[in-house]
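A.B. asks: Would you mind keeping the following structure in view while I ask a few things?
The values are calculated or read from the model by the stated rules, or taken from the named source; none is laboratory data. Quick caveat, the model's predicted, so the values are computed rather than measured. A quick note on method: Cβ atoms are made from the backbone with ideal geometry, for glycine too, and the neighbour counts reach across all protein chains shown. Just the protein is used for accessible areas: all its heavy atoms, side chains included, with ligands, DNA and RNA removed. Shrake-Rupley method; radii C 1.70, N 1.55, O 1.52, S 1.80 Å.
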Amino acid sequence: YLKISKLALAFAIIHSKPPGKSSKEYTEYLARTVSEQDFGWKWKVEVLEAEVLRLRQELLLNRISPRFCLENRKQDTSAETLLGQESINPTSYSSQLEDSGCDVCNDSAFDSLGIASDFHQSEHNVNTSKHWLEKVPPLNLCHTSKEQSLTAPVHFLQRLLEIRKLSEGGILQADFSELENDSFTICNSVSQLLDGLTFFYNSPKFPAPSFLTEAVCVLLNLITDTKLSNHVLKKCFKKIEEFKKNLIQIILRNKSVNRFQALNSVSQTLGLLGRNNILRNSLISLLLSGVRQFAEQLLQAHQVQSVYDIVQYENIFLLCMILEQLLQNETEESNISSPDYGGEEKIKFLKNLDQVILHLSDEFPLFSLYLWRVSVLLNSGQMQ
């Protein structure tokens with residue numbers, strides 16, 4: 001039956017082809033037409049799915065706190081007016097976030113130990129962005145579909161955090177047990193946020209858009225909040241781990257000419273994630289694994305005198321600086337002589353490390369120095 005159908009289709013194409021075109025050209029034209037129609041349907045499906053998620057988000061917020069949603073609708077007009085003024089005068093919006101944490105022109109932000117000053121500056125930016133978000137939810141700040149796909153979940157999660165804050169202060173009554181009944185909505189919103197961040201970090205713009213910092217702030221506030229973090233981590237922990245792995249791979253594999261400008265904002269995001277107590281240990285393990293694997297590859301290439309990836313060698317120092325700073329912050333905060341972090345990856349990293357450093361120190365002294373400094377932090381809990 002299938003053979004007969006294909007033969008019938010072939011005859012139909014041959015008989016209906018316009019003059020001046022071969023059967024092959026006409027077949028390719030029909031294939032392109034059908035694929036374009038498929039693309040159109042896929043786009044329509046994506047739009048409808050986004051609309052369904054938005055409606056589910058509104059419904060969930062309304063179930064948690066009907067009063068908040070009612071008052072929020074009354075304020076939408078004034079919020080839109082304010083945002084309309086921002087679009088007329090964009091400098092006033094950028095002044096709210098004067099330093100988005102993505103300033104890539106100041107090389108002095110990197111100190112001798114890594115990016116400690118960047119971490120402190122980014123923490124300040126978290127507070128600045130949080131203050132702005134609490135005042136005005138980021139409605140319609142962006143115009144492209146990719147930007148909208150990021151700001152939509154940020155808007156929903158920000159309002160969820162606002163309800164949480166108001167209910168904690170006794171200003172608003174809220175029933176967060178509804179999150180158990182509709183885990184799909186919050187899980188999809190967090191996944192959409194992480195996918196949006198990954199897309200923008202993979203395709204960086206200069207200067208980096210300020211809404212990236214806002215999105216990271218919302219994610220961290222959500223994970224830190226005692227009432228909401230369990231709902232997020234229970235369903236989205238694997239997605240968050242995948243997001244951290246993606247950021248590390250973006251740093252390692254980026255080969256563009258201006259990659260250091262782009263990777264600076266990615267490293268700041270990793271640093272902010274590492275400042276969170278819940279995410280820190282797993283991030284340290286991932287960084288240890290990445291640095292260890294590269295050290296082993298470099299040693300193997302050095303021993304057989306083969307070519308190694310010079311771009312990845314340059315990029316690995318960002319991971320080393322992030323790792324060193326996180327370990328240093330961990331030991332300073334815990335005040336324990338031998339803190340237990342890294343787990344299995346710590347053991348793998350320290351195994352035969354002295355031999356690795358010995359063989360690489362002549363040819364790669366800077367990388368060997370970083371390996372040694374990380375090993376000191378892992379062994380003693382403090383720099384000596």
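A.B. asks: What's the total number of residues in the range 165-194 that are assigned to a loop (DSSP other than H, G, I, E, B) and either hydrophobic (A, V, I, L, M, F, W, C) or touching a residue at least 24 places away in the same chain (Cβ under 8 Å) (or both)?
C.D. replies: Residues flagged as assigned to a loop (DSSP other than H, G, I, E, B) and either hydrophobic (A, V, I, L, M, F, W, C) or touching a residue at least 24 places away in the same chain (Cβ under 8 Å) (or both) within the range 165-194 amount to 7.
A.B. asks: In the range 229-242, which residues are at pLDDT 85 or above and either surrounded by 22 or more Cβ atoms within 10 Å (Cβ to Cβ) or in a loop (DSSP other than H, G, I, E, B) (or both)?
C.D. replies: Matches in the range 229-242: C236 only.
A.B. asks: Looking at this structure, is N264 closer than 30 Å to V356 by Cα, in contact (Cβ under 8 Å) with a residue 40 or more places away in the chain, open to solvent by less than 30 Å² (accessible area, probe 1.4 Å) and not hydroxyl-bearing (S, T, Y)?
C.D. replies: Yes: the conditions hold for N264.
A.B. asks: Also, I was wondering about something else. So I347 ticks every box in (1) in contact with a Lys or Arg (Cβ under 8 Å, 6 or more places away or on another chain); (2) free of Cβ contacts under 8 Å to residues at least 24 places away in the same chain but one. Which box is left unticked?
C.D. replies: For I347, the exception is condition (1).
A.B. asks: I'm told F364 meets every condition in (1) at pLDDT below 90; (2) among the hydrophobic types (A, V, I, L, M, F, W, C); (3) in contact with a His (Cβ under 9 Å, 6 or more places away or on another chain) except one. Can you identify the failing condition by its number?
C.D. replies: Unmet condition: (1).
A.B. asks: Taking the criterion of being closer than 24 Å to I251 by Cβ, β-branched (V, I, T) and modelled with pLDDT under 85, would at least one residue in the range 198-209 satisfy it?
C.D. replies: No, the range 198-209 contains no residue that is closer than 24 Å to I251 by Cβ, β-branched (V, I, T) and modelled with pLDDT under 85.
A.B. asks: Just to be sure I understand the filter: pairs with C-beta atoms under 6 Å, separated by 6 or more residues or on different chains, first member in the range 23-50 and farther than 21 Å from E147 by Cβ and assigned by the TED database to the domain that holds C187, second member modelled with pLDDT of 85 or more and open to solvent by 80 Å² or more (accessible area, probe 1.4 Å). Which pairs pass?
C.D. replies: none
A.B. asks: A further question follows. Quick one: is S285 open to solvent by 10 Å² or more (accessible area, probe 1.4 Å) and touching an Asp or Glu at 6+ places or on another chain (Cβ under 7 Å)?
C.D. replies: Against the criterion (open to solvent by 10 Å² or more (accessible area, probe 1.4 Å) and touching an Asp or Glu at 6+ places or on another chain (Cβ under 7 Å)), S285 qualifies.
A.B. asks: Among the listed residues E80, E28, E86, identify the single one that is modelled with pLDDT of 85 or more, surrounded by 10 or more Cβ atoms within 10 Å (Cβ to Cβ) and of a type in the set (D, E).
C.D. replies: Every option except E28 fails the conditions.
A.B. asks: Further question on the same structure: Among (1) closer than 17 Å to L371 by Cβ; (2) modelled with pLDDT of 90 or more, where does N352 come up short?
C.D. replies: Tallying (1) closer than 17 Å to L371 by Cβ; (2) modelled with pLDDT of 90 or more, N352 fails exactly one: (2).
A.B. asks: Hey, another quick one. Taking the residues in the range 41-56 that are of a type in the set (K, R) and more than 24 Å from the chain's Cα centre (by Cα) as candidates, determine which candidate is modelled with the highest pLDDT.
C.D. replies: K44
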